[in-house]
Amino acid sequence: MGFTLIELLVVVLIIGILAAVALPQYQVAVEKSRASQAFTLARALHSAQEEYKMTNGEYTRYFDDLSVGTGLSSSGTNTCGLASPDIRYTHDFAVTLGTTGQYTGDVAVVRNDGKYQCYAIGFIEGKIYCSEFPYKHQESFCSKMLAGKFAFSTRNWKHYELR
């Protein structure tokens with residue numbers, strides 16, 4: 001007892017259709033997981049910034065001044081044009097302190113690559129935001145994936161407040 005060629009082709013076709021439907025949803029779930037990692041790192045750095053300010057009366061722009069061990073590397077790829085005196089890296093993110101000009105004490109964990117390259121999870125003036133370069137994305141990662149509400153724009157960034 002065996003299978004006919006038509007039966008095998010139908011099974012392969014069904015598997016192909018299921019894979020085509022499941023793969024995009026899997027990629028969304030993976031990116032949401034990365035955003036969760038970014039949120040955790042941003043919260044730890046924000047807490048360290050607040051502790052530094054209470055001790056020294058001001059925020060810092062340097063990771064070595066903070067009392068938290070980040071495990072971040074000082075070498076990596078800055079694909080989103082970040083300008084900061086001290087940028088650190090993980091496999092997926094570039095991390096900066098105090099980079100948005102008038103906002104001191106902010107923390108940004110910026111996605112380095114992938115479909116949603118250059119979105120950032122971070123704190124600005126004590127509130128958590130998802131920020132993105134609008135020209136990098138066909139669709140808004142911050143509003144569609146993380147349910148962020150548009151708050152304001154600075155230079156090339158759009159900032160969405162997260163709850």
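Derivation of every value follows stated rules applied to the coordinates shown; laboratory data play no part. Just so you know, these numbers come straight off a predicted model, no measurement behind them. Neighbour counts are summed over all protein chains in view; Cβ atoms, including those assigned to glycine, are modelled from backbone coordinates with ideal geometry.
Spin-label point model (7 Å from Cα, Cβ direction): what's the residue 68 to residue 32 distance in nm? Roughly 2.4 nm, to one decimal. Within straight-line reach of residue 149, meaning a Cα separation under 20 Å, sit the following lysines at least 8 residues removed in sequence or on another chain: 32, 127, 136, 158.
Residue 113 to residue 9: extension gain in nm, 0.36 nm per residue of separation minus the Cα-Cα distance?
Values: separation 104, 0.36 × 104 = 37.44 nm, distance 3.70 nm.
Difference between extended and current length: 33.7 nm.
Database remark: amide H of residue 119 closer than 5 angstrom to the amide H of 111 (H placed geometrically; neighbours at sequence offset of 5 or more, or on other chains; Pro and chain starts carry no H). Relative to the Cα centre, the charge distribution of the chain, modelled as +1 at Lys and Arg Cβ and -1 at Asp and Glu Cβ, gives a dipole magnitude of about 380 debye. For the residues 119, 62, 129, a GNM of the chain with alpha-carbon springs under 10 Å puts the largest fluctuation on 62. Computed over the chain with a Gaussian network model linking Cα atoms closer than 10 Å, the most mobile of 148, 57, 122 is 57. Given a 10 angstrom Cα cut-off, can you work out which residue in 38, 120, 48 is the most mobile in a GNM of the chain? In this elastic network of the chain, the residue with the biggest mean-square fluctuation among 38, 120, 48 is 48.
To the nearest 0.05, how large is the calculated FRET efficiency for residue 75 and residue 147 if R₀ is 30 Å and r is the Cβ-Cβ distance? Mind dumping the intermediate values first?
On the way: r = 34 Å, r/R0 = 1.15.
For residue 75 and residue 147, the calculated efficiency is 0.30.
Computed from Cα atoms, the angle from the helix 5-56 axis to the main principal axis of the chain rounds to 10 degrees. Counting neighbouring Cβ atoms within 10 Å and putting the fewest first, the residues 80, 130 line up as 80, 130.
The protection proxy used here, the mean number of other Cβ atoms lying within 10 Å of each residue, ranks peptides 107-114, 27-34 as follows, highest first: 107-114, 27-34. Just need the relative contact order of the stretch 5-161 here, percent rounded to a whole number, with Cα pairs under 8 Å and 6+ apart. That works out to 15 percent.
In terms of surrounding Cβ atoms within a 10 Å radius of their Cβ, 73, 143 rank from fewest to most as 73, 143.
What the Cβ-Cβ distance of residue 22 and residue 82 gives, at R0 = 25 Å and to the nearest 0.05, is a FRET efficiency of 0.15. In units of the rule-of-thumb radius 2.2 N^0.38 Å, the chain shows an alpha carbon radius of gyration of 1.33.
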